[in-house]
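Input: a single structure, listed below in structure tokens.
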2 protein chains.
Amino acid sequence: MVETLSQTRQPDPAPVFILVGPQMGENIGACARVMGNFGIAEMRIVAPRDGWPNDKAISMAAGSPVLDQAKLYATLGDAVADCHVLYASTGTPRNMVKPTVTAREACSRARAEIAAGQRVGTLFGAEKSGLDNDQITIADAVLALPVDPEFSSLNLAMACGVIAHEWRAGDPPPDGFKPVADRATQADLDGLYQHFHDELDRAGFFYPPEKTPLMMQNLINLFARASATEQEVRTLRGVIKALAIGRGKARVERD
Amino acid sequence: MVETLSQTRQPDPAPVFILVGPQMGENIGACARVMGNFGIAEMRIVAPRDGWPNDKAISMAAGSPVLDQAKLYATLGDAVADCHVLYASTGTPRNMVKPTVTAREACSRARAEIAAGQRVGTLFGAEKSGLDNDQITIADAVLALPVDPEFSSLNLAMACGVIAHEWRAGDPPPDGFKPVADRATQADLDGLYQHFHDELDRAGFFYPPEKTPLMMQNLINLFARASATEQEVRTLRGVIKALAIGRGKARVERD
């Protein structure tokens, strides 16, 4: 092991991603970028083909803090020595007695395992051949993504990415994405509906008159679905007014 | 529209992915590859910066059938003309009144929408700036991934990839990944446990004798958790035999 973990360090609340013998720096960098996107902090790299550090990894990581903190190991044994649970990501079924889980199942299991104080690692093999059988053997379970069997080979960074996203997939959007605010009240909407009713009535839209309630229901239903804001109700009232009394006075045509 | 959809064509049962003004052929190809991995068949490309076809896209697609079938459009309006529902993928919150959903929520909604016969499209903006406000405005909802706000910018193909995977995330692993088969029966296991008991008893392992039931329980519990196969039970019985009667006769040491 090139670097030892401090004994006092708290376990990261996400699984550790372990790249075993990765070949291309570009993929290591792209993994680090997407791990950073989804808050998977800890990357471990076992014997990267082209040495370390790697300029292409730095370029593709786009400033991800995950790459700066990545740890380098000489062997898989060293890299997983402190892990309690391992998932082996592979696209190729092996003739091996081992439970298989999807990313969703693995994340669900890992959440419970981490909550119970266990350190969970996910193994990713090299681009060309993936994990070999010796490397898969030590894992608790195989992680197999629900791919099309006719076109099953994922890019390494993409495999990291979809599992990283799956870890967060139940989380809400970031705070900046606010729910629709300033919704109109029912009183605002009642004013709009009344305005619609009165101007459409003046325009002769309700014919035959006994259909008026149903026609109004249909209109109200559309606007209720749109979850309008206060500002939008004001805009719509301006639209009605413009159509009703504007230059060239609006014609109401009915099918 | 460069190519019209046949009137008789059945809607694909997955959302359509629409790349709006993509800049790099590499990203278009990587999108096509991961869409192929997760069985999202239909890609539409609006005004790609570097023209079409694109050699880098072909190279990065790694033979994905999605790229061959991708359709090219001059405008976003043309590309979405037949869609009933649109999700606009963006990493940047806008000052816009629009519901926001995560990929998981969007996929859940889209599944119901597609089941109801609607064609669903997901919009992806250009690498540099994403979708602009005019493009987002026409969507039913914003799709915002649960990213770290401090490091929120995903690679375009990665955004396509995590949403493509999310569409399939509830599916089982591919058929090649079989569940553990040839499980040992309880009778096989009883034979193993009895063998363990007899040889350990002969070796003086059970001390004091009244602890024998609890010590056996602990051993049995471990082997029950391991979900052994018939072959593994035979192997374990060979192990016991070798340790008990093998060359240099096994010593049993106890703490």
**Complete:** Considering segment B:222-234, residues that are free of Cβ contacts under 8 Å to residues at least 40 places away in the same chain and surrounded by 10 or more Cβ atoms within 10 Å (Cβ to Cβ), and then whichever is nearest to A:M96 (Cα to Cα), we arrive at B:A226
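Which of the residues belonging to segment A:174-197 are in contact with a helix residue (DSSP H, G or I) (Cβ under 9 Å, 6 or more places away or on another chain) and open to solvent by 30 Å² or more (accessible area, probe 1.4 Å)? Spell out how you get there, then give the answer.
Kept after step one, since they are in contact with a helix residue (DSSP H, G or I) (Cβ under 9 Å, 6 or more places away or on another chain), are these residues of segment A:174-197: A:182-185, A:188-189, A:191-193, A:195-197.
Hits for segment A:174-197 are A:D182, A:R183, A:T185, A:D188, A:H195, A:F196, A:H197.
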**Message:** Can you report the number of residues in segment A:102-137 which are free of Cβ contacts under 8 Å to residues at least 12 places away in the same chain and not basic (K, R)?
**Reply:** 8
**Message:** I'm told A:F124 meets every condition in (1) open to solvent by 20 Å² or more (accessible area, probe 1.4 Å); (2) on the phi < 0 side of the Ramachandran plot; (3) more than 8 Å from chain B (Cβ to nearest Cβ) except one. Can you identify the failing condition by its number?
**Reply:** (1)
**Those residues of segment A:98-129 which are aliphatic (A, V, I, L, M) and either within 24 Å of B:D175 (Cβ to Cβ) or not assigned by TED's automatic domain parsing to the domain that holds A:S153 (or both), in sequence order** = A:V101, A:A103, A:A106, A:L123
**Asked** Within segment B:57-89, which residues are of a type outside the set (G, A, S), more than 14 Å from chain A (Cβ to nearest Cβ) and open to solvent by 60 Å² or more (accessible area, probe 1.4 Å)?
**Response** B:I58, B:T75, B:H84
**Request:** May I ask you to list the residues in segment B:154-188 that are facing chain A (nearest Cβ under 7 Å) and among the polar types (S, T, N, Q)?
**Result:** B:N155
**Asked** How many of the residues making up segment B:136-152 are within 8 Å of chain A (Cβ to nearest Cβ) and among the acidic types (D, E)?
**Response** 1
**Message:** What pairs come out if I take residues in segment B:34-49 that are farther than 16 Å from A:G91 by Cβ and pair them with residues that are at pLDDT below 95 whose C-beta lies under 8 Å away, six or more apart or interchain?
**Reply:** B:A41/B:D12; B:E42/B:D12
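How many residues does segment B:144-173 hold that are farther than 23 Å from B:V20 by Cβ and open to solvent by 20 Å² or more (accessible area, probe 1.4 Å)?
The first filter runs over segment B:144-173 and keeps only residues farther than 23 Å from B:V20 by Cβ, leaving B:148-151, B:168-173.
Add one more test, that the residue is open to solvent by 20 Å² or more (accessible area, probe 1.4 Å), and what stays is B:148-151, B:168, B:170-173.
Counting residues in segment B:144-173 that are farther than 23 Å from B:V20 by Cβ and open to solvent by 20 Å² or more (accessible area, probe 1.4 Å) gives 9.
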**Fill in**
Scanning segment A:228-242 residue by residue, those among the charged types (D, E, K, R) and under 15 Å from B:N95 (Cα atoms) turn out to be A:E232
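One residue is enough: does segment B:182-197 have a residue meeting the conditions in contact (Cβ under 8 Å) with a residue 40 or more places away in the chain and among the basic types (K, R)? Full working, then the answer.
Our first condition is that a residue be in contact (Cβ under 8 Å) with a residue 40 or more places away in the chain; within segment B:182-197, this holds for B:182-185, B:188-189, B:191-192, B:195-196.
With among the basic types (K, R) added as a condition, the list becomes B:183.
Within segment B:182-197, one or more residues are in contact (Cβ under 8 Å) with a residue 40 or more places away in the chain and among the basic types (K, R).
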**Message:** Restricting to segment B:90-116, name every residue that is more than 9 Å from every other protein chain (Cβ to nearest Cβ), part of a helix (DSSP H, G or I) and aliphatic (A, V, I, L, M).
**Reply:** B:A106, B:A110, B:A112, B:I114, B:A115
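Before we move on, is B:V34 of a type in the set (A, V, I, L, M, F, W, C) and at the interface with chain A (Cβ under 10 Å from one of its Cβ atoms)?
So B:V34 passes the test.
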**Prompt:** Are any of the residues in segment B:103-113 touching a His at 6+ places or on another chain (Cβ under 9 Å), crowded, with 23+ Cβ neighbours inside 10 Å and under 19 Å from B:A157 (Cα atoms)?
**Reply:** yes
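The values are calculated or read from the model by the stated rules, or taken from the named source; none is laboratory data. Quantities reported herein were computed from a predicted structural model and do not represent experimental measurements. Cβ sites come from the backbone with ideal geometry, for glycine too, and all protein chains shown count toward neighbours. Quick note on the areas: whole protein, heavy atoms, side chains included, nothing else; ligands and nucleic acids left out. Shrake-Rupley method; radii C 1.70, N 1.55, O 1.52, S 1.80 Å.
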